[in-house]
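Worksheet: the structure to be examined is printed underneath.
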Amino acid sequence: MKNVLTLLGTMSKKNFPHSLFSSSMAEVRDVVFVIQSQKNSYHTHRAEQRRTELLHQAQTLNQSSPDVVLLHKLSDYDGNWSILPALPRLASQYCLTSLWIVFLEEETNVNLHNLLQVLSKFNTRKEWFLGRPLHDDEPTIIHHYAFSEDPYSFSYPDFMAGWALSCPLAKRTAERVNYEPPKSDFTIDLQHEIALYIWEEGRGPALTVVNEFCSELQSLSSTGNCATTINTYLSACGNPVQKEDVFVAVKTCQRFHGDRVPLVKQTWEKDAASLEYYSDITDPYIPTIHLGVPNTERGHCAKTFAILKRFASGAVTQAPWLLIVDDDTLISLPRLRRLLGCYDPNEAVSVGERYGYGLSRDGYSYITGGGGMVFSRVAVQNILAGGCGCRSSDAPDDMVLGMCLTTLGLPVTHSPLFHQARPQDYVKELLARQSPISFHKHWKINPVAVYQHWLTEPNQRRAHSLTKTREEL
């Protein structure tokens, strides 16, 4: 027994986390930070900035530099962004000498001193899942209508505010991933799906609310006690790209020429310098272009690849950016142009709302089509040169493109400003801090009202209101 105690005494400071041996404040070396970074150069730069800030704070506190992992660099697997595939490697590499894995987004600021104080409140031998809670007010399609009788009863973490796993929970979850993957093949809203998997239908821990994980902007004076804050909701990247730099392709068919297309014209078409409607017939009054591809009830893969080829040919436009949308997509082109100012059109950029398929077993990521798919000309050229194509004309175009990008080793870049569903399908407080770029579907909504409320600037809303009043008079 004496020899064991002597061994522990000699190893404690060197090989074991501080908090296993003391109830005092956690130390930086007890924590590994995982920044949920992306492969694109703009996002990598933002993640590196967060990493530098963490290292600087640790130095200011006279503590050793923490382990900071950029998630997209953890391994060659592009599906690590969905967390569960990355967890076995994170747990095995870092939970030998750390007590906590703290996950941050690129825009999550950390007050390291406050965070260590927060973590010190928890017994690190137990399983903890910490975060700022979000709740659904009503059942939603993006969560597969989970907890339909009482959707507010289930809490899941606001990723932008940061979240944490104690290493006992991380290790057990990592082991479980190997023999029990998530039930759904699709990754849609990761923060909800992670919480569901950890909760394990009541057999695992629910989210523990940590009020010091804050979703307020760092610049606000009320954030003094926060362990985390948010740097910005939409990064300023200089000047927006020019109107002429974005070519817009709208997928439609004869069936929707009379209802959906007029709504596009009434709302956002005016903000496009160059736009074409692609249909199954030529209608000179819209006008539409028939690409020689028959309409399909779903998928539209052949039509989308015909659009890519038309864009790449340079015969219609030399614009560096292509936006492909459905005829029931509502979108703010000025906000899109502002976002695209962050990206280098000389890179193979594909951006929109990212989903995943089969990511627990070497699957792929894709930009979901309803929210709008944006490609740089370089990306389109790579896709076509890579020999990608449709196994059938009605294959799901967005998923086929995702498989193609994965095969070619090209990144699929996520922006939370694109939305595959309607505003009411998302948590209100998340939308309130955004300047959304898009929504999708006209089901049980007034599309014009949704566009005016969510996708226009305040001065545009006032101008629209005055115009409507004059018309009524």
Whole-angstrom gap from the stretch 171-237 to the stretch 61-120, using each part's C-alpha centre: 13
Estimated dipole of the stretch 254-464 in Debye, rounded to 20 [Cβ of Lys and Arg +1, of Asp and Glu -1, Cα centre]: 380
Projected onto the charge dipole of the chain (unit charges on the beta-carbon of Lys, Arg, Asp and Glu, signs +1, +1, -1, -1), the Cα from Gly204, Ile101, Asn231 with the largest positive-side position is that of Ile101
Labelled set [x] 212; [y] 144; [z] 167; volume of the Cα convex hull per residue in Å³ computed from this model equals the value at [z]
I'd like the per residue volume of the convex hull spanned by the Cα atoms of the stretch 189-241, given in cubic angstrom. 101
For the pair Glu200 and Ile141, how long in nm is the line joining their label points, each one 7 Å along Cα→Cβ? 3.3
Descending semi-axes in whole angstrom, ellipsoid equivalent of the stretch 254-464, from the Cα gyration tensor: 26, 21, 17
Ignoring ligands and nucleic acids, Val400 exposes an accessible area, probe 1.4 Å, in Å² to the nearest 10, of 10
Looking only at aspartates and glutamates whose Cα falls under 18 Å of Lys121's and that sit 8 or more positions away or on another chain, we get Glu27, Asp30, Glu212
R0 of 25 Å, Cβ-Cβ distance Gln424-Phe186: FRET efficiency to nearest 0.05: 0.75
Dipole axis of the chain (+1 Lys, Arg; -1 Asp, Glu on Cβ), positive-most option in Leu384, Ser166, His414: Ser166
Measure nothing fancy, just the Cα-based angle from helix 2-15's long axis to the longest principal axis of the chain, in degrees from 0 to 90, nearest 10. 40
So the carbon and sulfur contribution to the accessible area of the stretch 360-439, 1.4 Å probe, in percent, is 50
Sorted largest first, the C-alpha extents of the stretch 98-254 along its principal axes in whole angstrom are 59, 42, 31
Which angle between 0 and 90 degrees, to the nearest 10, do you get for helix 458-472 versus the longest principal axis of the chain when only C-alpha atoms count? 40
Rounded to the nearest 5, what is the percent of antiparallel bridges among the DSSP beta bridges in the stretch 254-464? 75
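Hey, what did the chain get for relative contact order, percent, Cα under 8 Å, at least 6 apart? Please list the in-between numbers first.
Working: 898 pairs, mean separation 63.9, N = 473.
Contact order relative to length: 14 percent.
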So how much accessible area does Arg433 have, in Å² to the nearest 10, using a 1.4 Å probe? 40
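Taking only protein heavy atoms and a 1.4 Å probe, what accessible area per residue, in Å², does the chain have with all protein chains in place?
Value for the chain: 45 Å² per residue.
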Helix 301-313: angle to the longest alpha-carbon principal axis of the chain, degrees 0 to 90, nearest 10? 80
Just read off the accessible area of Glu105 with the full protein assembly in place, 1.4 Å probe, to the nearest 10 Å². 50
Could you please state how large a percent of the accessible area of the stretch 28-230 is carbon and sulfur, counting protein chains only and using a 1.4 Å probe? 49
For Glu276, Glu216, give the ranking by accessible area with the largest first, probe 1.4 Å. Glu216, Glu276
Listed residues Asp425, Asp185 arranged by accessible area, highest first, probe 1.4 Å: Asp185, Asp425
Label the stretch 292-355 by shape, choosing from rounded, prolate and oblate, from the square roots a ≥ b ≥ c of the eigenvalues of the Cα gyration tensor; if a/c is under 1.5 it is rounded, and otherwise prolate applies when a/b is larger than b/c, oblate when it is not. oblate
Per the 1/(1 + (r/R0)^6) rule, R0 = 22 Å and r from the Cβ atoms of Val378 and Glu269, FRET efficiency to 0.05 is 0.25
Convert 4 °C to kelvin, take the viscosity as 1.567 mPa s, use the Kirkwood radius over C-alpha pairs of the stretch 387-442 as Rh, and evaluate the Stokes-Einstein diffusion coefficient in µm²/s, rounded to a whole number. 95
Pop the C-beta distance of Ser65 and Gln254 into the FRET formula with R0 = 45 Å and round what comes out to the nearest 0.05. 0.10
If the only charges are +1 at each Lys and Arg Cβ and -1 at each Asp and Glu Cβ, what is the size of the charge dipole of the chain around the Cα centre, to the nearest 20 debye? 860
Once both labels are modelled 7 Å past Cα along the beta-carbon direction, what's the Thr52-Ser92 spacing in nm? 3.4
Among DSSP beta bridges whose residues both lie in the chain, state the antiparallel percentage, nearest 5. 50
Positive-end residue of Phe186, Ser393, Cys214, charge dipole of the chain with Cβ unit charges: Cys214
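Mind ranking Ser350, Ser155 by accessible surface for me, highest first, 1.4 Å probe?
Descending accessible area places them as Ser155, Ser350.
The values are calculated or read from the model by the stated rules, or taken from the named source; none is laboratory data. Quick caveat: nothing in here was measured; it's all calculated off a predicted structure. No Cβ is skipped: glycine too gets one built from the backbone with ideal geometry, and neighbour counts run over all protein chains shown. Quick note on the areas: whole protein, heavy atoms, side chains included, nothing else; ligands and nucleic acids left out. Shrake-Rupley method; radii C 1.70, N 1.55, O 1.52, S 1.80 Å.
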